[in-house]
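Since the structure comes first, as structure tokens, the remarks are kept for the end.
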Amino acid sequence: MTQPQHGSLQWGLIGASTIAAEHMIGAIRATGGVVAHVVSGNPAHAATYAQAHGIAGHGSDLGAMLADPAIGAVYISSTNDKHRAQALAAIAASKHVLCEKPLALTLADAEGMVEAAEAAGVVFATNHHLRNAGSHLTIRELIRAGRIGRVLSMRVHHAVMLPPHLQGWRINDPAAGGGVIPDITVHDADTVRFHLDEDPEEIVAMAAASGLGEGVEDSVMSVWSMPSGVQVFAHESFTHAFAGSGIEVHGTEGSIFARGVMTQRPLGEITLVTAAGAEVVPFPAHNLYVRGIEQFLAAVAGKGRPAADGWDGLRSLAVALTVRAAALTGTRQRVVSSPVSGA
Ligand code: NDP
């Protein structure tokens, strides 16, 4: 296994994507990492992308990049259908892997990726950025500190307007992994799991195409039952220009209202309401993606674990797939997180 020095890790990008351009290249560099190479299915796109972002190596030959011993880790941000094969190739080449969500299109594929990484002894992380947000870390602390007593319910509202430059495969290509459920519900699943430290048991849901989706859902509402008895309501959409986002956690002794926190940037506000009144709770405003990479680097150095590891990615995918199954069948569905054991 490649063992790079903390801070000097050389990264290969798999997928010349928007998320890498807008957030991850900068985040890698902010941690002292080097973005050494970008691989795209389209060599001309790789060349243009490399030039635009100051990346020395580029091309469409994944095998050649993975054969370079100087590259210690890869960041996979291709369309969702490609993650599995690319991750397995990187793992086989003993590279550490930071993979975008959803890990794969099926649970069995995701499980194969996570198990392959474990067998190879490489770090495998899922880029669920929200659990790195100062807002969500603070909400989690408020819950843990008992500030709202016993948690009764959560509401997640994550209905946004998909920006025009992202209105490609997400809204019209089921084969590429399009749809709001693999795109946003999967993040909300990870966030709820992060706050409650448990996985949903059963789910009911209804999905819709409300203006953007062509062959995939662009909106979904679902209700999840948690083993502790907590009820979760989640609403995700690509078509809501003015709804804003947020998360509410309601308990026997208080409620947490977090507005504008289901976002890629360190934004929003948290209000804690108890019998004593309403209190605005401050939170750290660090870059979410930088923190995710810092955690990844710590794991690579053997000093911690990724913020969201492969099993987190698998379990959040299991929730998203169950939401979709519940919506498609119109029936209550049990969440199964292991296709092998059925657990
Ligand atoms: P993009 O549509 O920007 O990129 C996906 C792929 O499309 C690229 O990897 C590239 O293919 C191809 N592509 C994009 N632009 C061009 C172009 N101009 N010419 C030719 N091909 C092009 O996707 P996103 O960046 O929005 O999403 C990528 C992944 O990241 C997805 O898995 C998504 O779920 C995830 N994501 C995660 C976020 C997070 O916060 N964790 C936020 C946004 C996305 P090729 O692979 O061949 O280079």
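Computed from the coordinates by the stated procedures, all read-outs in this text should not be read as laboratory data. What you see is a predicted model, and the numbers here were worked out from it, not measured in a lab. Glycine gets a Cβ as well: all are built from the backbone with ideal geometry, and neighbour counts include every protein chain shown.
What is the diffusion coefficient of region 107-183 in µm²/s, taking the Kirkwood radius over Cα pairs and the Stokes-Einstein relation at 4 °C with a viscosity of 1.567 mPa s?
In µm²/s, the coefficient is 79.
What distance in nm separates the two pseudo spin-label positions at Thr274 and Glu118, each 7 Å out from Cα along the beta-carbon direction?
3.9
Between Ala85 and Ala52, take the C-beta separation as r, use R0 = 30 Å, and let me know the FRET efficiency to the nearest 0.05.
The formula returns an efficiency of 0.70 here.
May I ask you to sort His136, His96 by Cβ crowding, counting other Cβ atoms within 10 Å and putting the fewest first?
With the fewest neighbours first, His136, His96 line up as His136, His96.
So between Phe242 and Ala70, what do we pick up on full extension, going 0.36 nm a residue minus the alpha carbon distance?
57.3 nm
Among Phe257, Phe233, Phe242, which comes first, then next, by fewest other beta-carbon atoms within 10 Å?
Listed from fewest to most nearby Cβ atoms, that is Phe242, Phe233, Phe257.
Restricting the calculation to Cα positions, tell me the Rg (one decimal) and the Dmax (whole number) of region 1-107 in Å.
Cα-based Rg and Dmax for region 1-107 come out at 12.6, 37 Å.
What is the spread of the Cα atoms of the chain along each of their three principal axes, largest first, in whole Å?
Cα extents, longest axis first: 59, 41, 40 Å.
What fraction, in whole percent, of alpha-carbon pairs in region 206-343 exceed 24 Å separation?
Cα-Cα pairs in region 206-343 separated by more than 24 Å: 52 percent.
Compute the separation of the alpha-carbon centres of region 203-217 and region 233-256 and state it in Å as a whole number.
Distance between centres, Cα-based: 19 Å.
Taking amide H positions as placed 1.01 Å from N in the peptide plane, with prolines and chain starts having none, which residues 5 or more places from His58, or on another chain, fall under 5 Å of its amide H?
Excluding prolines and chain starts, which carry no amide H, the hits are Val38.
What ranking of Val280, Val180 emerges when the number of other C-beta atoms within 10 Å of each C-beta is taken as an exposure proxy, fewest first? Please report the intermediate quantities before stating the final value.
Values: Val280 8, Val180 32.
Final ranking by Cβ density, sparse to dense: Val280, Val180.
As a check on your grasp of the helix formula, calculate [θ] at 222 nm for the chain: sum -39500 (n - 2.57) over DSSP H runs of n ≥ 4, divide by the residue count, round to the nearest 500.
Values: 10 runs with 105 residues, N = 343.
Estimated from H runs of four or more residues: -9000 deg cm²/dmol.
Could you please tell me the mean projected area of the C-alpha convex hull for region 189-229, averaged over all directions and given in square nanometres to one decimal?
The orientation-averaged projected area of the Cα hull of region 189-229 comes to 3.5 nm².
Give me a comma-separated list of calculated 3J(HN,Hα) values for region 29-39, in order, Karplus coefficients 6.51, -1.76, 1.60 applied at θ = phi - 60°, integers in Hz, x for any Gly or Pro.
5, 5, 9, x, x, 10, 8, 8, 7, 10, 10
On alpha-carbon atoms, Rg over Rh for region 44-84 using Kirkwood Rh?
A ratio of 0.96.
In what sequence, highest mean first, do 99-105, 114-120, 20-26 appear when ranked by Cβ atoms within 10 angstrom?
Most protected by this proxy first, the peptides run 99-105, 20-26, 114-120.
Starting from the 7 Å offset along Cα-to-Cβ, what nm value, one decimal, do you get for the label separation of Lys303 and Ser153?
For the pair Lys303/Ser153, the computed spacing is 4.4 nm.
Can you give the angle from 0 to 90° between the axis of helix 134-144 and the longest principal axis of the chain, with both taken from C-alpha atoms, to the nearest 10?
The angle comes out near 50 degrees.
Looking at region 118-185, which trypsin sites (Lys or Arg not before Pro) are in a loop (DSSP not H, G, I, E or B) and have at most 14 other Cβ atoms within 10 Å?
Qualifying residues, ordered by number: Arg150.
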